[in-house]
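Note sheet for the following structure.
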4 protein chains.
Amino acid sequence: MEKKDFLKEPVKHIDIKSFDTIDIIESMKDMSFTARDTARASEILNIMINDTECTIIMCIAGSTSAAGCMQIYVDMVRHNMVDVIVASGAAIVDMDFLEALGFKHYKGRASADDKQLRELYIDRIYDTYIDEEQLQICDNTIKEIADALSPGVYSSREFIKEMGKYLVDNAKKKDSLVQTAFENNVPIFCPAFSDSSAGFGLVKHQHEKPDNHVSIDSVKDFRELTEIKMRSPISGLFIIGGGVPKNFAQDTVICAEVLGHDVPMHKYAVQITVADARDGACSGSTLKEASSWGKVDTGFEQMVYAEASSVLPLIISYVYHKKDWEKRSKRDWSKIFE
Amino acid sequence: MEKKDFLKEPVKHIDIKSFDTIDIIESMKDMSFTARDTARASEILNIMINDTECTIIMCIAGSTSAAGCMQIYVDMVRHNMVDVIVASGAAIVDMDFLEALGFKHYKGRASADDKQLRELYIDRIYDTYIDEEQLQICDNTIKEIADALSPGVYSSREFIKEMGKYLVDNAKKKDSLVQTAFENNVPIFCPAFSDSSAGFGLVKHQHEKPDNHVSIDSVKDFRELTEIKMRSPISGLFIIGGGVPKNFAQDTVICAEVLGHDVPMHKYAVQITVADARDGACSGSTLKEASSWGKVDTGFEQMVYAEASSVLPLIISYVYHKKDWEKRSKRDWSKIFE
Amino acid sequence: MEKKDFLKEPVKHIDIKSFDTIDIIESMKDMSFTARDTARASEILNIMINDTECTIIMCIAGSTSAAGCMQIYVDMVRHNMVDVIVASGAAIVDMDFLEALGFKHYKGRASADDKQLRELYIDRIYDTYIDEEQLQICDNTIKEIADALSPGVYSSREFIKEMGKYLVDNAKKKDSLVQTAFENNVPIFCPAFSDSSAGFGLVKHQHEKPDNHVSIDSVKDFRELTEIKMRSPISGLFIIGGGVPKNFAQDTVICAEVLGHDVPMHKYAVQITVADARDGACSGSTLKEASSWGKVDTGFEQMVYAEASSVLPLIISYVYHKKDWEKRSKRDWSKIFE
Amino acid sequence: MEKKDFLKEPVKHIDIKSFDTIDIIESMKDMSFTARDTARASEILNIMINDTECTIIMCIAGSTSAAGCMQIYVDMVRHNMVDVIVASGAAIVDMDFLEALGFKHYKGRASADDKQLRELYIDRIYDTYIDEEQLQICDNTIKEIADALSPGVYSSREFIKEMGKYLVDNAKKKDSLVQTAFENNVPIFCPAFSDSSAGFGLVKHQHEKPDNHVSIDSVKDFRELTEIKMRSPISGLFIIGGGVPKNFAQDTVICAEVLGHDVPMHKYAVQITVADARDGACSGSTLKEASSWGKVDTGFEQMVYAEASSVLPLIISYVYHKKDWEKRSKRDWSKIFE
């Protein structure tokens, strides 16, 4: 078998506009277990959207973008359901930016022979494949963007904005999250930016320019995200996965305090995860636990214990077809940094 | 707070006929992770339905019936998607038969104060409540049915058939699974029948009639279910949860062999579960693992790692709206035991 | 590769007497997460042992016996740490009785090629193998035992007692749980007895003797187990896995009530499981949830979320070396049924 | 209840030198499931230690340090079992550095009333408590350290080295990981350093010195860690949890390639986690999956699916008492950056 035999069926990203889940979600409200939790999460997101003072921060960790949810995030930005994004570097660079450059994810098998994949330069994410040679082009594009910037210290947000600009001229696929967020003034933060394809490109950039290069300072990210939190009368979190993005966004409440500002906890919070609270790790720690830290309020919080690809399309299609986002004004948070 | 304050909002069972998930499931086919697994499970169930020789055995463990999926199972029987049911006693007696008697499940909270619930005679299943006094009426009704039968050894199937008959005359809610299965000649087996509300009623019955009473012999169940397997050219399993029902239905292949009949493995198998393969327990053991035992074939098998209330409505609504069941003939397996 | 190449390395059952975990467990008391839960579970089992009025009921589901824990259960019976056993049929027949007949479990691989195993008649339990031809000898031995009994209705306890008797004369491995429990008057109940290798033997037995055979009535089991509960001033549960055995033992409190006896809840309860509470299934339902049903008291209960093979040796070695069981009197519950 | 009533019982870190688990681990080798995986993980770590060319990189995510495993990591450094540490900021700053300053973690309850904890300024990690006022002192100490440094761009490693220096003079508890690693020339990397208590201190530092301050560039971390990988003939990973530290360390193989060096994959890898592979997230992705990316070799890799506090003491006590580390030479990787 050759590489092309493995990379035959591209993952197609689900279009939540093409079906309407309002009836399903309304029915699930009167069920129990994960069905009811999913319905409650849908409602809370819609409540956030109807709260005219609320800034909605979406946190993305994990590989949902590779798994067919990429267009959902684009639609959320385009239809004004989200104002700020905090994500893992992989979600933004290895997955979204990669597809913007014209490449694809492919349907694979979780039980694949990894040795064979290795020989063919195919990378596996559970049951999904990526062409490693395409990923290297992605690394190099990051390097080119870095090379073209003035040397200095950047937040990941600033760098990702440059990636958005780059795509305006160079994207093969126009509908990426990086570009759409750029065009809609939705800032994207990657607090662990170097832990991704971006890291490879930036290491190469710094290696070639040891004395005069771009650095990525996530302290600056933290200051900027906290600035948004401080300027938002109310805030809500919509969390896919967990990890660093979740914690980083939650911590802005404390960070504002550290800077001497008394800000309210995040009023709304939804988290979709399969992680478990019992090992005390960040991804699984409950939103209730976060309330002991003063990060998240408990009136409108919902954990949904599910793999996101199965419930996220239901939740966002519901909110999309409710159309409450139509009357919502744009927050344009990117503009405060200009 | 009084009991009635806790038992205010009944669980309403989702009606998968009232919305159409074909577009969602078709989209999920091209995604990854649980979304794709869910789509594949939907397809396989539909393939089973189109296989004119296939007997479809549905296995139910866990509390999905309490959680709002009860009507799904009824619709599956009514619309000829399932020919045999193997279930936990609780799913059939404590949940379905209880509601047939006019009682309800109620929306509750997983973080409830269990001491307070105890004092009010409210039983909790995760985030769902039951009125224990109503459950006692259920126990007693089982006892009455047993008292009215000729003493002797029964399979659970035979006893549940009597419960179906009872409901024809006495049901408060006409649309129960026990009654619908009875009316459609779909046999129901509960291999651990006494491990349920039925157990309480039957113990009381035997206690009052120590020498001359009804006994429930699950070996008889095993013989009967194996009889169905032996008479079916092809068979498929649709498994919700795991536990004894899953194992019992899988084992009919081996049991037929033991009786000297060479029957094919179950050709199709779908399992929806959150259980984990790593502890070697029955619920989590994969369908691939079952193939090493010669129980399940591997061409059409799919594990869906999800809490069933969130994905089952999608799967069954898809199959329902595909309408392939319309041309399927009834198997009437109950009739072979008459 | 031939069969013997796969069945080379037998699983050896851990001997908790050969090392002393008191220091580890004492250290774990002052840690957090699963370590502290494990220590607390160890303490509670030891408290049960020191409670002179307490009957200790051990519930076993899952495949820990195949995975190297078989000798632990034997040692618990031999050293008076357990008075009653409620187990899955597989744990008692397919695993323990199988080894008593001289057969073994073998170390395998979870990622094995199941098709190849199938061809070689090797059955797989996660990373453990069984020789299917040996399992068939086990089935047939059950049939022989049934053939030798007077026809009639038996509880599983009565039948398993006969298996114990059989082993006294015929065991190849003397140290089985079935035989040790028989010799120590510790009754064993399998509420879903036919869902195991025993089921195959008994079906064959009934098939050959359609009119005059042994039946297994788990209602009788329920009456007998409830009888023990009613005669015990105090009771405690030590649960490995979950499933039917857990629920069955918990339900004796309610069953006693149904029979008009006001008995206390199980005062102590420990459960070791990897199952999750969120799907409302029996295995994962918490002991706190069971307290809403009036089954388990909340003063001394502990869930340990771990795969049992990793923590059970620590817990039982601790209790063994504490030696408090030395002054405990035998309960001899089997004798009340003679 | 007052704060002091909640913060009464400090977590005590387990001392794996005080008991010997060699017999337990040797027994577990012949069991199955998690027991055998734990034994195999122990063996692989010991093989790494005996490989004279191997650099051992330990990755720590999650809250095991708060949960009683903190001294384990110190003992590993002190006894030459680990050469490089890649960790979450929380593990290093919020937990280890916090205790170095004289503060404690406390035993709490997972079912605590988080509202009450909030009012008392107690932060909860599952069943463990922290005094938030002490954490603020930790934040401020970080700020002081930053204030005392020359402005410029630092890797987290460089900054953490300064924390180690600070502790040499100021530590209340001498035996911290930060100080011990500093004294043993074991570099510590936190690729998401600002996502921790350090982030608060550094934001305050930058806020007060907007034009002339310390920045933390994780690209620099990536270059440095890759440098170590390139200079190591062989490397092995010992991973607790998953998240960014795991991915970051794995990625050094690719990063070396990007820099034009052909380095071998990590030859050894052990991961202890409760995360699940099925959602495609980093923490749960298997080491086999990593081999498709060319990051980890498959000859000596072992996933252990367990909450680390329960198995890590067994594994490290085994390796400690094997004493093979006694003949191992120190790698002193910190020195290459001087």
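The values are calculated or read from the model by the stated rules, or taken from the named source; none is laboratory data. It should be emphasised that the depicted structure is a prediction, and the values quoted were computed from it without experimental measurement. Note that each Cβ is placed from the backbone with ideal geometry, even for glycine, and that neighbours are counted across all protein chains shown.
Looking at C:K4, is it free of Cβ contacts under 8 Å to residues at least 24 places away in the same chain and surrounded by fewer than 24 Cβ atoms within 10 Å (Cβ to Cβ)?
Against the criterion (free of Cβ contacts under 8 Å to residues at least 24 places away in the same chain and surrounded by fewer than 24 Cβ atoms within 10 Å (Cβ to Cβ)), C:K4 qualifies.
Look at segment D:310-338 and say how many of its residues are of a type in the set (S, T, Y) and either over 24 Å from C:T38 (Cβ atoms) or in contact with a Gly (Cβ under 6 Å, 6 or more places away or on another chain) (or both).
Count: 2.
Name every residue in segment D:74-86 that is more than 14 Å from every other protein chain (Cβ to nearest Cβ), not charged (D, E, K, R) and not in a loop (DSSP other than H, G, I, E, B), in order of residue number.
Residues satisfying the conditions are D:V74, D:M76, D:V77, D:V84, D:I85.
List pairs: first in segment A:260-271 and over 12 Å from A:L287 (Cβ atoms), second outside any strand (DSSP E or B), Cβ under 7 Å, 6+ apart or cross-chain?
Matching pairs, first to second residue: A:H261/A:M230; A:V263/A:K229; A:V263/A:M230; A:V263/A:V253; A:V263/A:A256.
Please tell me if C:C69 is more than 22 Å from C:G201 (Cα to Cα), touching a helix residue (DSSP H, G or I) at 6+ places or on another chain (Cβ under 8 Å) and away from chain D (no Cβ under 13 Å).
So C:C69 fails the test.
What pairs can you find where one residue is in segment B:110-139 and within 8 Å of chain C (Cβ to nearest Cβ), the other is part of a helix (DSSP H, G or I) and of a type in the set (V, I, T), and their Cβ atoms are less than 7 Å apart, with a gap of 6+ or different chains?
Pairs found: B:D139/C:V258.
Of all residues in segment A:183-205, which are without any contact (Cβ under 8 Å) to a residue 24 or more places away in the chain and in contact with a Ser or Thr (Cβ under 9 Å, 6 or more places away or on another chain)?
A:V203
From the set of residues in segment D:150-178 that are assigned to a helix (DSSP H, G or I) and among the charged types (D, E, K, R), which is surrounded by the most Cβ atoms within 10 Å (Cβ to Cβ)?
Among those residues, the one meeting the criterion is D:R157.
Specify the residue that is surrounded by the fewest Cβ atoms within 10 Å (Cβ to Cβ); the eligible residues are those in segment B:252-269 that are more than 7 Å from chain C (Cβ to nearest Cβ) and not in a loop (DSSP other than H, G, I, E, B).
Residue satisfying both the conditions and the ranking: B:E257.
Being small (G, A, S), crowded, with 24+ Cβ neighbours inside 10 Å and more than 11 Å from chain B (Cβ to nearest Cβ) is the requirement here; does C:A181 meet it?
yes
Determine the pairs where a residue that is surrounded by 18 or more Cβ atoms within 10 Å (Cβ to Cβ) and at pLDDT 95 or above, located within segment B:310-332, has a partner that is among the basic types (K, R) and not in a helix (DSSP H, G or I) with Cβ atoms under 7 Å apart, the partner being 6 or more residues away or on another chain.
Short answer, once both residue conditions are applied: B:Y320/B:K17.
Looking at this structure, is B:I25 within 7 Å of another protein chain (Cβ to nearest Cβ) and more than 20 Å from B:V186 (Cβ to Cβ)?
When the stated conditions are applied, B:I25 does not pass them.
Okay, residues lined up against (1) under 30 Å from B:L149 (Cβ atoms); (2) among the acidic types (D, E):
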residue: B:D221; (1), (2): yes, yes
residue: B:M230; (1), (2): yes, no
residue: B:P245; (1), (2): yes, no
residue: B:F248; (1), (2): yes, no
residue: B:V263; (1), (2): no, no
residue: B:I272; (1), (2): no, no
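Which ones in segment B:270-288 are under 21 Å from the mean Cα position of the chain (by Cα) and either part of a loop (DSSP other than H, G, I, E, B) or hydroxyl-bearing (S, T, Y) (or both)?
Passing the criteria: B:T273, B:V274, B:A275, B:D276, B:A281, B:C282, B:S283, B:G284, B:S285, B:T286.
Which of the residues spanning segment C:140-165 are under 21 Å from C:E227 (Cβ atoms), within 11 Å of chain B (Cβ to nearest Cβ) and either of a type in the set (A, V, I, L, M, F, W, C) or free of Cβ contacts under 8 Å to residues at least 60 places away in the same chain (or both)?
Across segment C:140-165, the qualifying residues are C:V153, C:F159.
Going through D:I85, D:I44, D:I72 one at a time, which residue ends up being hydrophobic (A, V, I, L, M, F, W, C), within 19 Å of D:W325 (Cβ to Cβ) and surrounded by fewer than 24 Cβ atoms within 10 Å (Cβ to Cβ)?
D:I44
Can A:D37 be described as surrounded by fewer than 21 Cβ atoms within 10 Å (Cβ to Cβ) and either within 11 Å of chain B (Cβ to nearest Cβ) or in a helix (DSSP H, G or I) (or both)?
In short, no.
Only one of (1) more than 19 Å from B:S196 (Cβ to Cβ); (2) touching a strand residue (DSSP E or B) at 6+ places or on another chain (Cβ under 6 Å); (3) β-branched (V, I, T) fails for C:V263. Which number is that?
(2) is the only condition that C:V263 fails.
Against the definition (under 30 Å from C:D113 (Cβ atoms), in contact with an Asp or Glu (Cβ under 8 Å, 6 or more places away or on another chain) and in a loop (DSSP other than H, G, I, E, B)), how does C:K12 come out, yes or no?
The answer is yes for C:K12.
Going by the structure shown, is D:S150 of a type in the set (S, T, N, Q) and under 25 Å from A:P245 (Cβ atoms)?
So D:S150 fails the test.
Could you tell me how many of the residues in segment B:289-333 are touching a helix residue (DSSP H, G or I) at 6+ places or on another chain (Cβ under 7 Å), of a type in the set (S, T, N, Q) and in a helix (DSSP H, G or I)?
The number of residues fulfilling the criteria is 4.
Here is a check on your reading of the model: is C:K246 surrounded by fewer than 24 Cβ atoms within 10 Å (Cβ to Cβ), under 30 Å from C:S309 (Cβ atoms), among the charged types (D, E, K, R) and more than 7 Å from chain B (Cβ to nearest Cβ)?
Judged against the criteria, C:K246 is not a match.
Of the residues that sit in segment A:182-206 and are in a helix (DSSP H, G or I) and hydrophobic (A, V, I, L, M, F, W, C), which one is nearest to A:E224 (Cα to Cα)?
Within segment A:182-206, the match that is nearest to A:E224 (Cα to Cα) is A:F182.
Take the residues in segment A:103-137 that are part of a loop (DSSP other than H, G, I, E, B) and of a type in the set (A, V, I, L, M), then tell me which one is farthest from the chain's Cα centre (by Cα).
Filtering segment A:103-137 for residues that are part of a loop (DSSP other than H, G, I, E, B) and of a type in the set (A, V, I, L, M), the one farthest from the chain's Cα centre (by Cα) comes out as A:L120.
So, of the residues in segment C:186-206 that are of a type outside the set (G, A, S) and touching a Cys at 6+ places or on another chain (Cβ under 7 Å), which turns out to be farthest from B:C282 (Cα to Cα)?
It comes out as C:V203.
Working only within segment D:207-242, note down all residues that are over 19 Å from D:L287 (Cβ atoms) and either in a strand (DSSP E or B) or among the polar types (S, T, N, Q) (or both).
Across segment D:207-242, the qualifying residues are D:N212, D:V214, D:S215, D:I216, D:D217, D:S218, D:T226.
Can you go through D:I239, D:I272 and tell me which one is farther than 27 Å from A:L120 by Cα and more than 10 Å from every other protein chain (Cβ to nearest Cβ)?
Only one candidate qualifies: D:I239.
From the list D:K229, D:K204, D:K209, which one is surrounded by fewer than 24 Cβ atoms within 10 Å (Cβ to Cβ) and touching a Pro at 6+ places or on another chain (Cβ under 9 Å)?
Result: D:K209 is the single residue among D:K229, D:K204, D:K209 that is surrounded by fewer than 24 Cβ atoms within 10 Å (Cβ to Cβ) and touching a Pro at 6+ places or on another chain (Cβ under 9 Å).
Looking at segment A:95-113, which of its residues are crowded, with 22+ Cβ neighbours inside 10 Å and farther than 18 Å from B:M31 by Cβ?
A:F97, A:A100
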